[in-house]
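First up is the structure itself, then whatever we jot down about it.
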Amino acid sequence: PDSLSQINVAFNFIRKVSEKGSSLIIDAAYLYSKEKYSEDNYLHSTDVTPAIELKTFDLSQNTNRMATGGLKYKWVVTPALILETGAKFNHTKFVSNIHTNKMESGKWVLDTENTDEYTYREDIWAGYINGTYNLSKWNLMAGLRYELTSRDMTSKYFSSRTAKNNYN
């Protein structure tokens with residue numbers, strides 16, 4: 001890339017709440033990056049009549065953002081029985097700008113037919129509960145999870161939105 005900017009921050013907090021080992025865990029993270037690209041393109045084709053000669057100059061900029069966080073409680077009921085419950089969230093956003101310029105009468109002008117901005121956004125919310133029971137030679141595990149996912153995609157040429165629930 002011609003230039004790159006990036007920020008990455010993370011936070012993790014663990015608090016022991018009992019002598020048996022029960023704990024509360026909070027975590028969060030954020031990532032931001034921006035990239036810029038530029039390139040010259042030249043197309044010359046004599047396969048068609050009239051012959052095509054096209055010069056373009058493209059500028060692209062991609063921006064990525066991701067934020068995630070969670071809260072978990074681990075309850076050690078006995079050394080053999082452990083219960084966990086928690087919630088998590090993840091947000092992702094990606095934006096890509098593609099600006100194409102073409103040569104007209106010796107000047108670079110914006111080619112609006114080939115210029116686009118694409119945006120993708122996804123949010124995931126999840127909640128869960130798990131249980132583990134340790135026997136001498138066996139471990140029994142059971143759990144439930146609920147997840148809600150929302151996606152939104154847009155550009156000059158299309159738009160789409162989905163929401164989906166998942167039960168595990």
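The values are calculated or read from the model by the stated rules, or taken from the named source; none is laboratory data. Bear in mind that the values here come from a model prediction, so they are computed numbers and not experimental data. Backbone-built Cβ (ideal geometry, glycine too); neighbour counts: all protein chains shown. Calculation scope for accessible area: heavy atoms of the full protein, side chains included, ligands and nucleic acids excluded. Shrake-Rupley method; radii C 1.70, N 1.55, O 1.52, S 1.80 Å.
Values for this structure:
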| read-out | value |
| --- | --- |
| Accessible area (Å², per residue) of region 87-168, counting only protein heavy atoms and a probe of 1.4 Å | 72 Å² |
| Net dipole in debye of region 56-147 [+1 Lys, Arg Cβ; -1 Asp, Glu Cβ; about Cα centre; nearest 20] | 740 debye |
| Amide hydrogen neighbours beyond the local backbone of residue 17, cut-off 5 Å, H modeled | 22, 23, 24 |
